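Working notes, structure below.
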Amino acid sequence: MQYMGTTGSLGTGVLRTLVALVATLVAVGCASMKAYTADDYDRAGATSEKYYKDSRACDKQAEAHGTEHGFGPYDPTNGAYNRMYDACMRSSGYTRKKTVE
């Protein structure tokens, strides 16, 4: 058996795994933790009644999508929910407000 030392392929593999793990943790930590709401979108010319009706419909659709394609209420990033809510609100003609983080 040949000794590989710290510069051999075993050491490189462990280092790559560690770097990938740290990068994943940073990406998850930087992801938005807040679920989108109607307050995150510009109402444009829509009446309040229509705006909130559309928002409630998008919320229902996004919740169903988050349950089916995400972790539902256990998803700390609200990723699946936010993607569907955003797509639904945009398809209804609303634009997301610019946020300063």
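Selection of the range 38-49 for residues being more than 12 Å from M89 (Cα to Cα) and not in a loop (DSSP other than H, G, I, E, B) yields S48, E49.
Each row is one residue, and each column tells you yes or no for (1) in a loop (DSSP other than H, G, I, E, B); (2) exposed (fewer than 13 other Cβ atoms within 10 Å of the Cβ).
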site: A57; (1), (2): no, no
site: H65; (1), (2): no, no
site: T77; (1), (2): yes, no
site: Y85; (1), (2): no, no
site: T99; (1), (2): yes, yes
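Within the span defined as the range 58-70, every residue fails to be over 17 Å from the mean Cα position of the chain (by Cα) and of a type in the set (S, T, N, Q).
Can you find, within the range 24-44, the residue that is farthest from the chain's Cα centre (by Cα) among those that are under 16 Å from P73 (Cα atoms) and modelled with pLDDT of 90 or more? Ranking the qualifying residues of the range 24-44, first place goes to T37.
The values are calculated or read from the model by the stated rules, or taken from the named source; none is laboratory data. This is a predicted model, so every value here is computed, not measured. With ideal geometry, Cβ positions are generated from the backbone for all residues, glycine too; neighbour counts draw on all protein chains shown.
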